[in-house]
Amino acid sequence: ERRLGDVWDPSSGELDASVRPNMVIAAALELSPLSRDQRAGVVQRAELELVTPRGLRTLSPREAAYRGEYAGGPEERDAAYHQGTAWPWLAGFHVEATLRAFPGDRARRDRLVELLGGLVATTREGGLNHVSEVFDGDPPQRAGGCFAQAWSTAELLRARQLLEEPAP
């Protein structure tokens, strides 16, 4: 499988192989120990299971613990936060990992521009020209959390800048 494990527990020797966006962050890093081929595997897996029009899910919908809706009271929302909720700020790492794994791939670059365009469109839905904190992992991907999240907006701006620069 072309992905990274999420957590290694040295006491039990077990690997949590859940598909989560941490692998995308590892593939995006300039000094990542991953080869270009390994980065490509991570990006492809993310495209299949994590990428949504509103950011990256915190857990693949193929996992038993997946929760596709960020709703309910504080306990229910907290439980969903890292179990499938889509976080817009993670799209910045997806853009960077994709550009590193597939330099010169025009079709992928166009899809990244489209992804960011969809996130920009959300700035007119929430408040004050900002991107919301989170969205449901499942359609219709309602916004949740705070309506103006600085790190979501900042990552959107950083990702747009990356797309304007020559491939890393």
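The values are calculated or read from the model by the stated rules, or taken from the named source; none is laboratory data. Just so we're clear, the structure is a prediction, and the values are computed from it rather than from any experiment. Note: ideal-geometry Cβ built from the backbone for every residue, glycine included; neighbour counts use all protein chains shown. The area values use the complete protein model at the heavy-atom level, side chains included, leaving out ligands, DNA and RNA. Shrake-Rupley method; radii C 1.70, N 1.55, O 1.52, S 1.80 Å.
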Legend entry - Listed peptides 23-29, 101-107, 146-152 by packing density, highest first (mean Cβ within 10 Å): 23-29, 146-152, 101-107
Legend entry - Part-to-part distance (alpha-carbon centres) for segment 3-33 and segment 94-154, which is given in Å: 23
Legend entry - Surface accessible to a 1.4 Å probe, per residue, for the residues of segment 20-154, Å²: 47
Legend entry - Over segment 26-168: Kirkwood hydrodynamic radius from C-alpha pairwise inverse distances, Å: 15.3
Inset, instruction - Bin width 5 Å, alpha-carbon pairs only: give the P(r) of segment 26-92 as whole percents, running from 0 to the bin holding the largest distance. - result: 4, 19, 21, 21, 17, 10, 6, 3, 1
Inset, instruction - Calculate the spin-label point distance for Glu63 paired with Arg158, positioning each point 7 Å from the Cα along the beta-carbon direction, and give it in nanometres. - result: 2.2
Inset, instruction - Show that you can apply the helix-only estimate: for the chain, add -39,500 (n - 2.57) for every DSSP H stretch of four or more residues, divide by all residues, and state [θ] at 222 nm to the nearest 500. - result: -13500 deg cm²/dmol
Inset, instruction - Return the carbon/sulfur percentage of the accessible area of the chain, one whole number, probe 1.4 Å, all protein chains in place. - result: 53
Inset, instruction - Normalising by the residue count of the chain, find the relative contact order in percent from Cα pairs under 8 Å and 6+ residues apart. - result: 21
Inset, instruction - Return the ratio Rg/(2.2 N^0.38 Å) for segment 87-168, where Rg is computed over Cα atoms only. - result: 1.09
Inset, instruction - Compute the FRET efficiency between Cys146 and Leu15 as 1/(1 + (r/R0)^6), taking r as their Cβ-Cβ distance and R0 = 45 Å, and round to the nearest 0.05. - result: 0.85
